[in-house]
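One structure is given here, and the rest of the page talks about it.
The values are calculated or read from the model by the stated rules, or taken from the named source; none is laboratory data. This one's a predicted model, so the numbers in the text were calculated from it and none came from an experiment. Ideal geometry is used to build each Cβ from the backbone, glycine not excepted, and the neighbour counts take in all protein chains shown.
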Amino acid sequence: MHTLKIPRALSLFVLSVATSASAIHFRCFEAEGVKAPIQMKFTFPMYDHQPGMVTYRNGKGSIEVEKVSERADESVSNRPVLITTVWKETVPGGKGGRYEMDMQGAVVYRMQYRRSDGKKFDFQEVDEVHGDAGCEWK
């Protein structure tokens, strides 16, 4: 019987990839509202062909979003690529809004939601509310 020896570094890499693939990646955002802040959790899909999810605090459930475009701006040297991604809500009737996000490395510089009537909401990321189960709004 032959035993295959896998180097420790390779086994640790495989374990870290398996662990990160099972983790749910989300970000917490907040925008100014008329009476109170608008708070949402944006859950990114594990794979490109899967939908993402947007869940608003005090909302009626999650809204599925699908990536419609992504472009990279590599014009600034010695910095991570600026990636602009556009997501479209998949709602019955097709009149959902769009989310546009600018991200450079791990930093989200802009997250904007545009309703189907054209009204825009600018969201800022809120790191302090990240919890194990999602956004823990206070």
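Odds and ends about this structure:
- Selection count, segment 23-49, where residues are out of contact with any Gly (no Cβ under 8 Å at 6 or more places or on another chain) and not in a strand (DSSP E or B): 12
- Residues that are surrounded by 13 or more Cβ atoms within 10 Å (Cβ to Cβ) and β-branched (Val, Ile, Thr) were ranked within segment 91-138; the one that is modelled with the lowest pLDDT is VAL91.
- Residues within segment 76-123 that are of a type in the set (A, V, I, L, M) and over 16 Å from the mean Cα position of the chain (by Cα), tallied: 3
- Any hit, segment 74-83, residues being acidic (Asp, Glu) and either touching a strand residue (DSSP E or B) at 6+ places or on another chain (Cβ under 7 Å) or under 19 Å from VAL54 (Cα atoms) (or both): no
- Single residue of segment 63-90 satisfying the filter (in a loop (DSSP other than H, G, I, E, B) and among the β-branched types (Val, Ile, Thr)) that is surrounded by the fewest Cβ atoms within 10 Å (Cβ to Cβ): VAL76
- Tabulated pairs, segment 84-104, first under 17 Å from GLN124 (Cβ atoms), second assigned to a loop (DSSP other than H, G, I, E, B), C-beta under 6 angstrom, 6+ apart or interchain: GLN104/PRO80
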